[in-house]
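First up is the structure itself, then whatever we jot down about it.
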Amino acid sequence: MIHQHDNAVGALGYLGFGVASQAAWTDHAALLGLMSAAAGPDGSTRYRIDEHAWRFALHDDPTDDFLYAGFECGSAEHFDAVVRRIQDAGITIERDAALAATRGVMELARCVDPDGLAIELYYGPRLVPEVPFRSPQPLTGFVTGDQGLGHIIVNTSDVAASTAFYTSVLGMRLSDRILFEAAPGIVIPLTFLHCNDRHHSIAIAPAMPGGKRIHHVMLEVPGIDDVGLAIDRFMKAGTEITATLGRHSNDRMLSFYVRTPSGFEVEYGCEGIAVGGPDWSVGTHAAISVWGHHRARI
Ligand SMILES: [Fe+2]
């Protein structure tokens, strides 16, 4: 059952990145099991993970960082209501027909979060079920559908401002928090927000000096063998595994983390729990993981 909130964004639909090396990403995307899609009219390299025409766009850009996130708003009426909600909050948001055409959606509006991250709201994405998703790996598919493509962790300079934007302005709801003691006396707050049954579509972390705009993107696969086979692929390729296999404390995701060619990470996991609708009780955790997720460095 989907618990979509009134006048709120519905799902994380697509992501754009600026990458310094498309060649390095070609190999990395194949290891992740992404399917090549038709190039974007803007020249971006695009990838599929399901029946959507694309979910990831890679643009030539030496910053090697996150560029934009698209959130689905279901229908024209829902989209209008979300845009109104954002305007009513005093946030500048602009409808952009040319960008909608580039992204392959019916209508689109763009605003920025408190850190200047580009947030795009849209409805009517292009779907291509007539060209079934086929991974280059022995993988049946990714867990997407109403839960969207996965989740991202954004690094923010102001946790309170960022949390207020994604909740009060975009309408997302608090799932829980992790107050993680990285070193004695140094507590890092992680705030997890949902906009559908996926435990979180976005989480907010304090920015670290020299860090990327996002810490990681999470992709969910159907089962533990899909996770294990991916670990084997990355180890064989010599890719840096940034966190070992582990079980997260809050969303119970069984996952590992790998370094992408752009420096930020991908979390690759299975078995994430759904948030329980209106009866969901917000919790606070002290640990990121029940077990595992060991890192050589934070
Ligand atoms: Fe994650």
Prolate/oblate/rounded label for segment 205-298 (Cα gyration tensor, a/c 1.5): oblate
The chain, relative contact order [Cα under 8 Å, separation at least 6], %: 18
Computed over segment 146-292, Cα set: Rg, Dmax in Å: 15.1, 45
Sites Ala296 and Leu179 - FRET efficiency at Förster radius 25 Å, r taken between beta-carbons, to 0.05: 0.60
Karplus-derived 3J(HN,Hα), 6.51/-1.76/1.60, for each residue of segment 108-116, Hz, glycine and proline x: 8, 9, 10, 9, 10, 7, x, 9, x
Karplus 3J(HN,Hα) series, Hz, for segment 218-230 with 6.51 cos²θ - 1.76 cosθ + 1.60 (x for Gly, Pro): 9, 10, 9, 10, x, x, 5, 5, 5, 5, x, 5, 5
For segment 143-298, share of DSSP beta bridges that run antiparallel, in % to the nearest 5: 70
Fully extended contour minus Cα-Cα distance, from Val282 to Glu77, at 0.36 nm per residue: 70.8 nm
Inter-label distance, nm, simple model (7 Å from Cα along the C-beta direction), Asp96/Asp42: 0.6
Tensor-based shape of the chain (alpha-carbon gyration tensor, a/c under 1.5 rounded, otherwise prolate or oblate): rounded
Antiparallel DSSP beta bridges within the chain, as percent of all bridges there, nearest 5: 70
Amide proton proximity set for Glu107, modelled H, under 5 Å, gap of 5+: Tyr123
R0 of 41 Å, Cβ-Cβ distance Asp158-Ala237: FRET efficiency to nearest 0.05: 0.60
Label-point separation in nm, Val112 to Leu127, each point 7 Å along Cα→Cβ: 3.4
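Bear in mind that the values in this text are calculations on the coordinates, not laboratory data. Predicted model only: the values in this text are computed from it and were never measured. Every residue, glycine among them, receives a Cβ derived from its backbone with ideal geometry; neighbour counts consider all protein chains shown.
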